[in-house]
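Novice: Pasting a structure below so you can have a look.
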Amino acid sequence: MSLSPNLPPDKQREMLRRMLTIRRFEERASTDYLAGKIYGVVHCYIGEEAVAVGVCSALDRGDRIISTHRGHGHCIAKGADLNRMMAELYGRQTGYCKGKGGSMHIADFGIGMLGANGIVAGGIAIVTGAGLAAQMEGKGGVAVSFFGDGASNAGPFHECLNIAATWKLPMLYICENNLYAAQTSAASTHALSDVAARAAGYGIPGVVVDGNDVFAVRQAANAAVDRARSGGGPSLIECKTYRWRAHTERRGQPDLREAGEIEAWKRKDPIALLERQLRDQGELDDAGLQTMEREIMTALEAAVAFAEASPFPLPEQATDDVFAA
Ligand SMILES: Cc1ncc(C[n+]2csc(CCOP(=O)(O)OP(=O)(O)O)c2C)c(N)n1
Ligand SMILES: [Mg+2]
């Protein structure tokens with residue numbers, strides 16, 4: 001466990017609240033998807049909550065992030081609206097993409113969330129452009145790319161790290177190494193045990209952190225943000241973590257991972273770890289946790305009710321807001 005951070009208690013509890021919100025949102029998304037109420041594809045972020053929350057806690061509202069196909073956690077960590085997120089999953093007009101994008105296209109430019117992305121590694125190039133924009137704006141903004149271990153084997157990762165390092169772009173590259181790309185283990189797709197080691201090839205810092213320890217993630221992100229804001233250029237942070245659920249929510253989908261491995265990672269639950277740390281510091285008790293849970297569930301029920309009460313897009317709206325086909 002990382003050292004207790006120099007953070008006000010309410011800020012620490014806010015980090016727990018966001019992590020719990022992500023988990024409860026994902027549990028509901030999974031249940032409703034399997035019940036046939038949610039359309040498209042849903043990739044759950046359960047088990048990885050400390051990465052999105054730890055990194056986003058080190059950012060300002062105006063800093064920009066980009067997500068992946070597993071995007072709900074990044075949205076919530078950056079402050080997205082639960083009603084509009086849930087409505088998008090439900091395919092309703094009130095959703096972020098007016099019900100026509102679904103889970104993998106949620107974006108909210110107002111909070112610097114440039115979007116989820118169904119193309120593995122596709123977001124890395126888009127957000128590197130946002131890093132260039134931040135540099136040209138000259139206001140000290142940073143841009144953050146979240147991507148998986150699988151994406152780190154794809155061309156855009158290498159091309160973008162190279163140009164970002166060369167141009168000293170104010171970027172954070174956050175590898176969420178959950179040990180698998182769908183059913184394929186990381187060990188069978190690259191020879192290095194640490195993705196972070198690749199940073200050396202581009203002349204930038206690369207660090208490995210416990211991705212289930214939100215304070216460790218935050219600490220690494222803070223250092224990288226300081227470096228980026230002061231003109232020092234990009235950093236690569238590899239967060240070792242694990243997804244608890246199968247790659248996507250789908251009935252009957254095989255999960256080829258060993259049960260013992262999944263159970264071992266569940267014992268390293270990032271939320272339980274933070275709860276324990278807050279309790280040990282005397283910053284959280286049963287009553288406080290119950291209140292937090294209740295408030296989150298109320299907000300979530302309201303989001304589902306909002307989604308269910310919203311209309312589906314009309315057939316004649318199918319081509320509205322479509323910029324290219
Ligand atoms: C360019 C491209 N290739 C393949 C896919 C199919 N695909 C979707 S998710 C995924 C695995 C991605 O693994 P990783 O980057 O580690 O992210 P994780 O799912 O583990 O969060 C693959 C291969 C895709 N969406 N895009
Ligand atoms: Mg992965």
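Novice: Based on this model, can you work out whether PRO205 counts as of a type outside the set (S, T, N, Q), within 16 Å of ligand 2 (Cβ to nearest atom), more than 27 Å from ILE271 (Cβ to Cβ) and surrounded by 16 or more Cβ atoms within 10 Å (Cβ to Cβ)? Outline the logic, then answer.
Specialist: Details: of a type outside the set (S, T, N, Q): yes; within 16 Å of ligand 2 (Cβ to nearest atom): no; more than 27 Å from ILE271 (Cβ to Cβ): yes; surrounded by 16 or more Cβ atoms within 10 Å (Cβ to Cβ): yes.
Spelling it out, it is not the case that PRO205 is of a type outside the set (S, T, N, Q), within 16 Å of ligand 2 (Cβ to nearest atom), more than 27 Å from ILE271 (Cβ to Cβ) and surrounded by 16 or more Cβ atoms within 10 Å (Cβ to Cβ).
Novice: Of the conditions (1) in contact with a strand residue (DSSP E or B) (Cβ under 9 Å, 6 or more places away or on another chain); (2) under 28 Å from LEU7 (Cα atoms), MET292 satisfies every one except a single condition; which number is it?
Specialist: Single failed check for MET292: (1).
Novice: Going through the stretch 198-232 one residue at a time, which ones are among the small types (Gly, Ala, Ser), within 28 Å of LYS139 (Cα to Cα) and in contact with a helix residue (DSSP H, G or I) (Cβ under 6 Å, 6 or more places away or on another chain)?
Specialist: Passing the criteria: GLY203, GLY206, ALA221.
Novice: How many residues are within 16 Å of ligand 2 (Cβ to nearest atom) and not hydrophobic (A, V, I, L, M, F, W, C) when one looks only at the stretch 216-248?
Specialist: Matching residues across the stretch 216-248 total 8.
Novice: Ok, one more. Report every pair of residues separated by at least 6 positions or lying on different chains whose Cβ atoms are under 7 Å apart, first residue within the stretch 152-167 and under 23 Å from THR189 (Cβ atoms), second of a type in the set (Ser, Thr, Tyr) and surrounded by fewer than 15 Cβ atoms within 10 Å (Cβ to Cβ).
Specialist: ASN153/THR189
Novice: What number goes with the only condition from (1) within 15 Å of ligand 1 (Cβ to nearest atom); (2) in contact with an Asp or Glu (Cβ under 9 Å, 6 or more places away or on another chain); (3) not in a loop (DSSP other than H, G, I, E, B) that HIS74 does not pass?
Specialist: If we test HIS74 against (1) within 15 Å of ligand 1 (Cβ to nearest atom); (2) in contact with an Asp or Glu (Cβ under 9 Å, 6 or more places away or on another chain); (3) not in a loop (DSSP other than H, G, I, E, B), just (2) comes out false.
Novice: Just to be sure before I move on: is THR31 in a helix (DSSP H, G or I), without any contact (Cβ under 8 Å) to a residue 40 or more places away in the chain and of a type in the set (Val, Ile, Thr) in the structure I sent?
Specialist: Considered against the rule, which asks whether it is in a helix (DSSP H, G or I), without any contact (Cβ under 8 Å) to a residue 40 or more places away in the chain and of a type in the set (Val, Ile, Thr), THR31 comes out as yes.
Novice: Tell me which residues, restricted to the stretch 178-201, are within 12 Å of ligand 2 (Cβ to nearest atom) and either in a loop (DSSP other than H, G, I, E, B) or over 18 Å from TYR242 (Cα atoms) (or both).
Specialist: Answer for the stretch 178-201, where residues must be within 12 Å of ligand 2 (Cβ to nearest atom) and either in a loop (DSSP other than H, G, I, E, B) or over 18 Å from TYR242 (Cα atoms) (or both): ASN178, LEU179, ALA182, GLN183, THR189, HIS190.
Novice: Taking the stretch 97-151 on its own, how many of its residues are touching a strand residue (DSSP E or B) at 6+ places or on another chain (Cβ under 7 Å), more than 10 Å from ligand 1 (Cβ to nearest atom) and at positive phi?
Specialist: Result for the stretch 97-151: 2.
Novice: Within the stretch 203-306, considering only helices (runs of 4 or more DSSP H) that don't extend past its boundaries, which have at least 3 residues that are under 19 Å from the mean Cα position of the chain (by Cα) and under 20 Å from MET171 (Cα atoms)?
Specialist: 214-229
Novice: Is it fair to say ALA125 is surrounded by 22 or more Cβ atoms within 10 Å (Cβ to Cβ), more than 30 Å from LEU16 (Cα to Cα), in contact with a Pro (Cβ under 9 Å, 6 or more places away or on another chain) and modelled with pLDDT of 95 or more?
Specialist: In short, no.
Novice: Sticking with this structure for a sec: Return the residues of the stretch 130-177 that are surrounded by fewer than 19 Cβ atoms within 10 Å (Cβ to Cβ), within 16 Å of ligand 2 (Cβ to nearest atom) and assigned to a helix (DSSP H, G or I); say none if nothing qualifies.
Specialist: Of the residues in the stretch 130-177, the ones surrounded by fewer than 19 Cβ atoms within 10 Å (Cβ to Cβ) are 132-133, 136-140, 153-155, 158-159, 162-163, 166-168.
Going one step further and asking which of them are within 16 Å of ligand 2 (Cβ to nearest atom), we end up with 153-154.
Within the stretch 130-177, just ASN153 meets the criteria.
Novice: Here are some conditions: (1) farther than 18 Å from ARG61 by Cβ; (2) within 14 Å of the chain's Cα centre (by Cα). GLY122 meets all but one. Which one does it not meet?
Specialist: Every condition holds for GLY122 apart from (2).
The values are calculated or read from the model by the stated rules, or taken from the named source; none is laboratory data. Small disclaimer: the values here were computed from a predicted structure and weren't measured. Glycine gets a Cβ as well: all are built from the backbone with ideal geometry, and neighbour counts include every protein chain shown.
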